[in-house]
Every structure is written in C-alpha cells, then in structure tokens.
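One structure is given below, encoded as structure tokens.
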Amino acid sequence: MQMVDLAVIGAGPAGMTAATMAAGAGLSVVVLDEQPAPGGQIYRAVASGGTARADILGKDYVEGAVLVQGLLASTARHERGAVVWDIAPLDEGFEITFSQESGPSRVAARRLVLATGALERPIPVPGWTLPGVMTAGAGQILLKASGVVAGSAVLAGSGPLLYLLAIQMSRAGAPPLAIVETQSWRDQLRATPRVLGALRGWRTLFKGFGLLAELRGHAIRRITGARNLAIIGTGRAEGLQFTTKGRTQQISCDTVLLHQGVVPNTQASRALGLEHDWHHGQRAFVPRTDIWGESTHRGIFVIGDGAGIAGAKAAVPAGELAALQIAHQAGALDKATRDKKAGAPRKRLEAERSLRPFLEAAYPVAAQVLAPADTTMVCRCEEVTAGEVRKWAALGCKGPNQTKAFGRVGMGPCQGRYCGLTVTEILARSHDMPHSAVGSYRIRMPLKPVTLGELALLEPTDAAE
C-alpha cells in the first residue's frame, strides 16, 4: 500500500486548492473524489460545460475552471469516481479505503484533509416525498451536468441560491413560475444591524445586490413571508400551497424546488470522532478547527463548507491556509515563510466569513422546517414522522442515537444525513435542552454502502509499505 504525505477527500474549491498548493510545495498528494471530474458541486462539470452553459451559469461558475486546471496540471494524483467508505488510524497517519469502477483500493496518508462540502438542509413539509419535488441544489445539478432545466417549476424556501437558480433558469429559457420565500420583511429588518460587519466582504455582498437587480429584470413573481408550505398532488407534485398575509394560496406546477440553505457535511468528521460545536446561526453542528483548518485530531484538517458554511470564495483561502500548515508540518516550509504567505488568504477568508451573520439573520430557516407538524415525515428512509419522534421524547428518549432503538430513524441508506438535524431540533424543543446537549447521530464506518464482493477483493494489510 502506497504512503503519501497528504490525502484530500473532495475536489471542490477547498480540496482542489489545498491539493494543488501542497503538491507545489513538493508533497506527495492524492485526491479522492466521487465525481467523474473535479469541481465539486459549485463548479460541477465546469471544464466540459461549453460556452453556452457558461453563459447561463455565470462568471463565478466559469472561474472554477482555473482551479480545475491547476489541480490537473499539478503532481497531485486525482482519483475520479472514488467513493471513500473507510478511514482508519495507523501508527503514522491514516489508511483510507475507497471504491471505484475497477474495484476497491487503499491508500495510506500521513495527513488528511476533509473537503467534503455541504448538504442541502432537509425540508420536511407535507408532500416533500412526492415525485417532482427536489431541492434547488438538485435542480442546479441537472442544469450544470446535463443542461436540463426543470419546466413548470416553483422555487420555494429561503436563501440566495433561489435567486441564482431562478436567474440561471431564466437565462436557459425556462424561468420558474414563481419564487415563494419564507423569510419576511421582519427578518430583513433584524438583519440590518449586521450589514456593517458584512461590508468586509463587500465584493460578494454587492454581487448579491446584482443578483436581485437581474432577478427583477426577469420579472419573476416573488412572494415573501410564506408560511405553511405544502406540496399537493396525487401520486406526484401538482402544485404548491402556502399561506401569506393571512390568506391561503396555491400555484399549480409540475416541479417544486425546495431550499432552506445548506449545512456542513460532517459524516466523515463525526465518524473520525472529531469535536463538533452547535452553530446557532447555521442551525447545524460544525467541526472545531483552528485558524489553519486543523481539527481536534492532529493531522486531520477540515476545510471549505464542511467546516462551516461560508461559500466557494471562502473555500479557496481556507485551502491555501491548510496547505501552508501541512507543508510546514511536513518540513517543506519554515514558520516565517508560512506566516508571511498566510497573511493574504487569512484576510480573504475573514472577509468572506463576515457575510455569514447578516445572511443567517436575513434568510433564517423557516419555523415550519425546524418544528415540523406531527404528521410530516422526517425520516424518508424508515418512514418516521415528527409526531413519532415527539412521542418517543415523551417516553424519555433524549438523544438521536436512542431514537434508533425506538423506531430505526437514522438507520436507513442515508445514515442520518437527511434526518439527523431535524431529529436534534425536535428533541431539543421537546426537552427544552441545548442542541449541544442533545447531540447528533454517532457515525460509524463504512461511510457509504459497500458490497461483500468489494470486501472480498481487498487484500489484508498490516501496515503501509
């Protein structure tokens, strides 16, 4: 089994940047990524989309091609279609097991970077399991990867991604029927005091204002302050129902694209036993890291949105800082040089992160999503409702891991990725306990499903060669 200086899991902007810089410092690097090409979700298929798709998706999307080219031109080994399902500690470093079409493989690394990005927050509202209901991110994946635009669609929820996707759909010739937003003017008002802090990231802030201006130019219907979202239909989505200004409305459509922001993908970091903290603004658990992105376990770095949502512009300097520290730890960079080179990326990272308090206040998660109605399904894998979780809480269940014994919630194929935060929210409210005390699901290897055939093909190893 090969031993490398650094293994990077994920080839989004943070992972690509860290891998390229570490390889440039003379370290041996392997990048393990599930996708067929680097770029992550934000820059998915950026190198193969063509000019027409670039015109639809915008300038920020095209900028990702530079990161992709940098990675591919570096000495870093890029493993495509690599599904990482086991990470085990060694006397020195880590043993990582992953599967590709050709079968399972192992690699050993002295240090590990988790650049696993974000997941869209689950949105348990009535009808969300019907065919024709997707997240806004899934709709954007269709557009980026295949040039497919959802027709007769309504965008519903909260967050700037709804504006961006609406504009991209309009550029592609299939504008959404409407954007139904759950945030209200009161949320915008509460966010106002945080504008001054956000000005440190003025470039990104002004781009947001530009999005709103272009959105108005497309004359897309916008409804704000919506409550009681429900997808209606028999056998599939046929419309979106909601309440606004005390009046129930309904918009007929074939597709509903839901969005309530994104949350860090912490499956790997939790499986490795890293310390996590509850982030109230993001309504999610985030790994505890230092200024370099190093976690509470020496040699494991968590960067990009997987370490706390800050966006692609913040992911790049986060990758730079991690690479500088890793090169220093490996003896390839002295402390003075590291600190000198860290100045600029640290300022950029702080500027981008300064936007988050404003955005979190202006686009809060809807109350309906944090406290679903009893009849709403919260665990799709095991078909568990919010009411069942509350019933277990009344019987003395105080933590997500106990819910597994009560009703298998969190034990399906997603392993709690899409129900974990909802279960934590319900239990915290039921017991009037802090979210940090309620905790999250314990994650165990394998991180992804693996077949017996793949296990049989693995040769036993005692140590890295």
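State whether one or more residues within the range 166-185 are under 18 Å from Ala362 (Cα atoms) and over 24 Å from the mean Cα position of the chain (by Cα). Scanning the range 166-185 turns up at least one residue that is under 18 Å from Ala362 (Cα atoms) and over 24 Å from the mean Cα position of the chain (by Cα). Do any helices (runs of 4 or more DSSP H) entirely within the range 37-113 hold 2 or more residues that are hydrophobic (A, V, I, L, M, F, W, C) and surrounded by fewer than 23 Cβ atoms within 10 Å (Cβ to Cβ), and if so, which? Where helices (runs of 4 or more DSSP H) fall fully within the range 37-113 and carry at least 2 residues being hydrophobic (A, V, I, L, M, F, W, C) and surrounded by fewer than 23 Cβ atoms within 10 Å (Cβ to Cβ), they are 50-57, 64-73.
Taking each residue of the range 422-436 that is crowded, with 20+ Cβ neighbours inside 10 Å and looking for partners that are at pLDDT 95 or above and of a type in the set (Lys, Arg) with beta-carbon atoms closer than 8 Å, six or more apart or interchain, yields Glu425/Arg283; Ile426/Arg390. Quick one: would you say Gly208 is closer than 30 Å to Glu425 by Cβ, without any contact (Cβ under 8 Å) to a residue 60 or more places away in the chain and assigned to a helix (DSSP H, G or I)? Judged against the criteria, Gly208 is a match. Within the range 343-386, being among the polar types (S, T, N, Q), outside any helix (DSSP H, G or I) and either under 25 Å from the mean Cα position of the chain (by Cα) or crowded, with 20+ Cβ neighbours inside 10 Å (or both) holds for Ser354, Thr376, Thr385.
Here is a yes/no grid of residues against (1) touching a Leu at 6+ places or on another chain (Cβ under 7 Å); (2) at pLDDT 95 or above; (3) assigned to a loop (DSSP other than H, G, I, E, B):
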| residue | (1), (2), (3) |
| --- | --- |
| Pro124 | no, yes, yes |
| Gln140 | yes, no, no |
| Lys144 | yes, no, no |
| Ala150 | yes, no, yes |
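Only one of the listed residues (Val409, Val389, Val423) is assigned to a helix (DSSP H, G or I) and more than 17 Å from Phe285 (Cβ to Cβ). That residue is Val389. For the range 74-101, taking the residues that are without any contact (Cβ under 8 Å) to a residue 24 or more places away in the chain and closer than 25 Å to Gln41 by Cβ, the one that is nearest to the chain's Cα centre (by Cα) is identified as Gln100. Restricted to the range 253-342, the set of strands (runs of 3 or more DSSP E) holding at least 1 residues that are touching a Leu at 6+ places or on another chain (Cβ under 7 Å) and within 27 Å of Thr224 (Cβ to Cβ) comprises 255-260, 262-264, 284-287.
Within the range 209-220, the residues that satisfy the criterion of being surrounded by 13 or more Cβ atoms within 10 Å (Cβ to Cβ) and more than 25 Å from the chain's Cα centre (by Cα) are Glu214, His218, Ile220.
The values are calculated or read from the model by the stated rules, or taken from the named source; none is laboratory data. The shown structure was predicted, so the numbers you read here are calculated from the model rather than taken from an experiment. Methodologically, a virtual Cβ is constructed for each residue, glycine included, from the backbone with ideal geometry; neighbour enumeration extends over all protein chains shown.
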